[in-house]
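Novice: Have a look at this one.
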Amino acid sequence: MLFQRLALGMMIAIAATISTQPSAFSQTNASNPTHTRLSEVGTSPTFSLHPPTHSQFKNSTQPRLSEIGMSTMMPTQMTESQMAPVQFSGGQAFFSHPPRLMRAYTSQSQAYVPSTYEFTLVVPSDAGQALKAVRIAQERNLETVKFDVGRSKAFAGARYASGAEIPLANVGGESVPGEATIVFDQPVQPGSTVTVALEAKSNPASGGIYEFGVTAFPVGEQSMSQFLGFGRLNFYTGGAQ
């Protein structure tokens, strides 16, 4: 009987010890509370993340990042129909993917003769904005080219007159030698190629490589320009090459 009473007492003590253990894992049990190991945690509870509904946003079409939180996942792909013009909150428009300067060409490479300079731009399908205007400005060199800006033209496609002529709303730059700004009457839409043609009164008399910086402007009163790079033209004093 004494042995049975002792055995029963030990079983009660063990059961009491087990019942007093905490049901959840405590950070004090971890070797490093700020970087708990998976082996120390064991099986952790599962949490369900519910993305916010449109009713939670002040503006359902343009929710703020603070309203979305960390649980919302962005789609990995967007169709063209889902793309909207890209703007800052202040109304400034900009290209999400800017146009690319694909080609610079001169109809005459001989020095000191009239010529047509062509600059071909590709507006990518994911540009986010249509192309409204292009500015072409010569970098400083031995001489400055003078453009007859009133004869400037633009064409759809990759070369002069390769496609339909694109009407121009405005052309400027006469007050600044070596510079011209071409404004399209109808913006060039994403997924299109356009060639701007400028008439030079004459090529530089001094041969060499001349660089022309090309800047693109998206649609919008407060549009932010994007510098696309330099078009390089080579002129020769010994005749056309």
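The values are calculated or read from the model by the stated rules, or taken from the named source; none is laboratory data. All values reported here derive from a predicted model rather than from experimental measurement. As a convention, Cβ positions derive from the backbone with ideal geometry for all residues, glycine included, and neighbour counts pool all protein chains shown. Surface accessibility is based on the protein's heavy atoms, side chains included, excluding ligands, DNA and RNA. Shrake-Rupley method; radii C 1.70, N 1.55, O 1.52, S 1.80 Å.
Novice: Kindly provide the set of residues from the range 167-177 that are on the phi > 0 side of the Ramachandran plot and modelled with pLDDT of 95 or more, ordered by number. It would help to see each step written out before you state the result.
Specialist: First, pick out the residues of the range 167-177 that are on the phi > 0 side of the Ramachandran plot: 173.
None - no residue of the range 167-177 is on the phi > 0 side of the Ramachandran plot and modelled with pLDDT of 95 or more, so the list stays empty.
Novice: Quick check on the range 138-159: of everything there that is assigned to a loop (DSSP other than H, G, I, E, B) and crowded, with 18+ Cβ neighbours inside 10 Å, which residue is farthest from the chain's Cα centre (by Cα)?
Specialist: Top of the filtered list is GLU143.
Novice: So which pairs qualify, if the first residue must be in the range 154-178 and farther than 16 Å from VAL123 by Cβ and β-branched (Val, Ile, Thr), the second must be open to solvent by less than 80 Å² (accessible area, probe 1.4 Å) and in a loop (DSSP other than H, G, I, E, B), the Cβ gap must be under 8 Å, and the two must be at least 6 apart or on different chains?
Specialist: Short answer, once both residue conditions are applied: VAL171/SER152.
Novice: Can you find a residue in the range 187-204 that is closer than 27 Å to GLU143 by Cβ, more than 26 Å from the chain's Cα centre (by Cα) and of a type in the set (Asp, Glu)?
Specialist: To start, the set of residues in the range 187-204 that are closer than 27 Å to GLU143 by Cβ comprises 195-204.
From what is left, the residues that are more than 26 Å from the chain's Cα centre (by Cα) are 197-204.
Still in the list and also of a type in the set (Asp, Glu): 199.
Yes: the range 187-204 contains one or more residues that are closer than 27 Å to GLU143 by Cβ, more than 26 Å from the chain's Cα centre (by Cα) and of a type in the set (Asp, Glu).
Novice: Kindly establish whether VAL176 is out of contact with any Phe, Trp or Tyr (no Cβ under 7 Å at 6 or more places or on another chain) and open to solvent by 40 Å² or more (accessible area, probe 1.4 Å). Steps first, please.
Specialist: Values: out of contact with any Phe, Trp or Tyr (no Cβ under 7 Å at 6 or more places or on another chain): yes; open to solvent by 40 Å² or more (accessible area, probe 1.4 Å): yes.
Here the answer is yes, as VAL176 does meet what is asked.
Novice: Using beta carbons and a limit of 7 Å, which pairs, at least six apart or on different chains, have the first residue in the range 195-222 and over 30 Å from ALA93 (Cβ atoms) and the second one among the hydroxyl-bearing types (Ser, Thr, Tyr) and open to solvent by 40 Å² or more (accessible area, probe 1.4 Å)?
Specialist: Final answer for the pair search is SER202/TYR112; ASN203/TYR112; ALA205/TYR112; GLY207/TYR236; GLY207/THR237.
Novice: Let me ask another. Give the range 190-212 a look and list any residue that's outside any strand (DSSP E or B), modelled with pLDDT of 95 or more and surrounded by 14 or more Cβ atoms within 10 Å (Cβ to Cβ), or say none.
Specialist: Answer for the range 190-212, where residues must be outside any strand (DSSP E or B), modelled with pLDDT of 95 or more and surrounded by 14 or more Cβ atoms within 10 Å (Cβ to Cβ): PRO190, SER202, ASN203, PRO204.
Novice: A further question on this structure: Within the range 213-240, which residues are open to solvent by 30 Å² or more (accessible area, probe 1.4 Å), in contact with a Gly (Cβ under 9 Å, 6 or more places away or on another chain) and over 18 Å from THR120 (Cβ atoms)? Steps first, answer last, please.
Specialist: Step one: of the range 213-240, the residues open to solvent by 30 Å² or more (accessible area, probe 1.4 Å) are 217, 219-228, 230, 232, 234, 236-238, 240.
With the extra rule that they be in contact with a Gly (Cβ under 9 Å, 6 or more places away or on another chain), the set shrinks to 220-222, 227-228, 230, 234, 236-238.
Passing the criteria: GLY220, GLU221, GLN222, TYR236, THR237, GLY238.
Novice: Something else about it: Filter the range 103-127 for residues that are over 16 Å from ALA197 (Cα atoms) and surrounded by 19 or more Cβ atoms within 10 Å (Cβ to Cβ); which is farthest from the chain's Cα centre (by Cα)?
Specialist: If we take residues in the range 103-127 being over 16 Å from ALA197 (Cα atoms) and surrounded by 19 or more Cβ atoms within 10 Å (Cβ to Cβ), then ALA111 is farthest from the chain's Cα centre (by Cα).
Novice: Read through the list (1) within 30 Å of the chain's Cα centre (by Cα); (2) open to solvent by less than 40 Å² (accessible area, probe 1.4 Å); (3) β-branched (Val, Ile, Thr), then give the number of the only condition that VAL171 fails.
Specialist: (2)
Novice: If I filter the range 213-241 down to residues being among the polar types (S, T, N, Q) and assigned to a loop (DSSP other than H, G, I, E, B), which single residue comes out as nearest to GLN108 (Cα to Cα)? Please lay out each step first, then the result.
Specialist: From the range 213-241, those among the polar types (S, T, N, Q) are 215, 222-223, 225-226, 234, 237, 241; that's our starting set.
Applying the additional criterion that residues be assigned to a loop (DSSP other than H, G, I, E, B) yields 222-223, 225, 237, 241.
Values: GLN222: 38, SER223: 35, SER225: 30, THR237: 12, GLN241: 9 Å.
Among those residues, the one meeting the criterion is GLN241.
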